[in-house]
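These notes concern the structure reproduced below.
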Amino acid sequence: MKKRMFFIMTVLTLGKALLFAGNPDFSGTWILDREKSETGEGGRMRMTALKLTVTQAENQLTIERFVSSEFRGDFTTTEQTMLDGRETVNPSEFGDRRLSAAWSKDGKILTIGSTMEMDRGGETFQIRVTESWILEEGGAVLKIDQTRITPRGERKGILYYKKEKTRK
């Protein structure tokens, strides 16, 4: 019985490792490449994260986004999503943000979708964001294709982040 249980646990562990083995690991600190990025806002970087700190562990992704805004000053948001398509809810001062993420068939692109309902002056509206994350240049560059849909319309942008080198 013990051998059988050990065998089953080994198969499950290896299966899980193989399932996620081919997917990129986005962990690290990423600095926005302002010159290369195309924000789709006439070059303005209003609410674009200047720095991302990403932690990827097994089936979960945690993203800290550092933003410097002329309207709100400097602030950081933290969000978590599962990497298997399950929806997660991330509370914020503006309302709950619902996120889900899924890998492309080839396992190279992670698409993160989010929806947030907000209330401003008694009027409720929705903001939807889709981001496709892909590593380039041997993992030194994170490219994010972003589509943002708000009551003001649709905006597309391509953000490039350079991986911050770790100090030894």
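Yes/no matrix, rows are residues, columns are (1) without any contact (Cβ under 8 Å) to a residue 60 or more places away in the chain; (2) among the acidic types (Asp, Glu); (3) surrounded by fewer than 17 Cβ atoms within 10 Å (Cβ to Cβ):
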| position | (1), (2), (3) |
| --- | --- |
| Thr78 | yes, no, yes |
| Thr81 | yes, no, no |
| Glu87 | yes, yes, yes |
| Gly95 | yes, no, yes |
| Glu117 | yes, yes, yes |
| Thr130 | yes, no, yes |
| Val141 | no, no, yes |
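If we scan the range 79-87, do we find a residue that is under 24 Å from Gln126 (Cα atoms), of a type in the set (Gly, Ala, Ser) and assigned to a strand (DSSP E or B)? For the range 79-87, residues under 24 Å from Gln126 (Cα atoms), of a type in the set (Gly, Ala, Ser) and assigned to a strand (DSSP E or B): absent.
Quick grid of which residues meet (1) closer than 25 Å to Gly28 by Cβ; (2) surrounded by fewer than 12 Cβ atoms within 10 Å (Cβ to Cβ); (3) at pLDDT 95 or above:
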residue: Lys51; (1), (2), (3): yes, no, yes
residue: Glu70; (1), (2), (3): no, yes, no
residue: Phe125; (1), (2), (3): no, no, no
residue: Trp133; (1), (2), (3): yes, no, yes
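Of the residues Ser104, Ser27, Ser37, the single one that is buried (at least 16 other Cβ atoms within 10 Å of the Cβ), touching a Ser or Thr at 6+ places or on another chain (Cβ under 8 Å) and modelled with pLDDT of 90 or more is Ser37. Can you tell me which residue is modelled with the lowest pLDDT among those in the range 56-68 that are in a strand (DSSP E or B) and farther than 19 Å from Leu159 by Cβ? In this case the residue turns out to be Ala57.
Evaluate the following for Glu79: is it closer than 21 Å to Glu164 by Cα and over 15 Å from the mean Cα position of the chain (by Cα)? No; evaluated as a whole, the condition is false for this residue. Residue count for the range 110-149, restricted to those that are among the aliphatic types (A, V, I, L, M) and under 11 Å from the mean Cα position of the chain (by Cα): 6.
The values are calculated or read from the model by the stated rules, or taken from the named source; none is laboratory data. Fair warning: this is a prediction, and the values are worked out from it, not measured in the lab. Reconstructed Cβ throughout: ideal geometry from the backbone, glycine too, with neighbour counts over all protein chains shown.
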